[in-house]
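Notes for the one structure printed next.
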Amino acid sequence: MRIRIVFGVAVAAVVCIGSVSQASAQEGLTVRPLEQAVRASAKELVASDAPAPSTGADAQPIDTPASRPALLAPLYTSYAMLQALDVYSTRRALNRGAAEANPLMRGVSRNTAQMLTVKTVTTAVTIVAGERLWKKHRVGSVLLMAGLNSAMGWVVVHNYRVAR
């Protein structure tokens, strides 16, 4: 970061000195030693091992962090709400004589506190995964959350149908 700033300042100095040099030459003045020193330091910076700034299509300004896709926050919220509705609808169906269909949840389905704990941890892990994913795969993170929301929506609808 500092190398880029120094390089920018050096380039600006070379441009300014170049224009001053042209004006000075017209007036008979000379600033060649300073101009040569700045150009030499600029060449050293260019020749250094510093990585060149990215010029690809995916390049972003240095000070601008990537922003989260606008759909992710509502998808996170709806996913958490669907998890809560799953707990409620499962408890309602179980109280009306239904059996838990998910083999992974059978052990905790009769205890509301355990079920809430599992659902809370699952939701948190899913949101953390979505947050990590969007930084490299913006569309993939939105598709993941949309798919998980659809699946949970289906589960909740199924639970309410069973609870009738």
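Nothing in this text is a laboratory measurement; each read-out follows from the coordinates by a stated rule. The model shown is predicted, which means the values in this text are computed figures rather than measured ones. Quick reminder, even Gly has a Cβ in these numbers, built from the backbone with ideal geometry, and neighbours come from all protein chains shown.
List of remarks:
- Qualifying residues in the range 117-138 (those that are touching a helix residue (DSSP H, G or I) at 6+ places or on another chain (Cβ under 6 Å) and hydrophobic (A, V, I, L, M, F, W, C)) - the one surrounded by the most Cβ atoms within 10 Å (Cβ to Cβ): 134
- Condition met for residue 126 (among the polar types (S, T, N, Q), touching a residue at least 24 places away in the same chain (Cβ under 8 Å), assigned to a helix (DSSP H, G or I) and under 27 Å from residue 142 (Cβ atoms)): yes
- Taking the range 139-159 as the range and being touching a helix residue (DSSP H, G or I) at 6+ places or on another chain (Cβ under 7 Å) and surrounded by fewer than 16 Cβ atoms within 10 Å (Cβ to Cβ) as the test, the residues that pass are 140, 146, 153.
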